[in-house]
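J.: Let me begin by handing over the structure; questions about it come next.
Nothing in this text is a laboratory measurement; each read-out follows from the coordinates by a stated rule. Keep in mind the model is a prediction, meaning the values are calculated, not measured. Cβ: placed from backbone, ideal geometry, glycine included. Neighbour counts: every protein chain shown.
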Amino acid sequence: MQIHGPSHIHGAQPLHGPHTRVARPAAADTSSPVQDELQLSDAAQTLDKVHDLPDVRWDRVAKIKAEIANGTYETEEKLQIAVERLLDEIE
């Protein structure tokens, strides 16, 4: 219905149906059993792996923090091991 101010009221207007039709879903195939499917995102899979990690060894963390603060953490031996591991990974 259209209203154009208090003095221009029109009579009843016809109702029009929707301009598009909604497709009905196809009948379900009952010949095979229905199977549920679950898909996890990469983030969810990574989060699931976090639960399998061992607990944090806070005593070790505190020791390493103290060594870093004192300047005694980085040694020639540790640097050599890190370089060897890096080269093994590249090859």
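J.: Please list the non-local residues whose amide H lies under 5 Å from the amide H of Tyr73, H modeled 1.01 Å from N, same-chain partners needing a gap of 5 or more.
T.: Placed amide hydrogens put Ile68 under 5 Å from Tyr73.
J.: Now for a separate question. Would you mind computing, in nm to one decimal, how far apart the modelled labels at Val61 and Gln80 are, each placed 7 Å from Cα along Cα→Cβ?
T.: 3.2
J.: What is the packing order of peptides 47-59, 64-76, taking the mean over residues of other C-beta atoms within 10 Å and listing the highest first?
T.: Ranking, from highest mean packing down: 64-76, 47-59.
J.: Count the net charge of all other residues whose Cβ sits under 13 Å from the Cβ of Val61, scoring Lys and Arg as +1 and Asp and Glu as -1.
T.: Taking every other residue near Val61 into account, the sum is +1.
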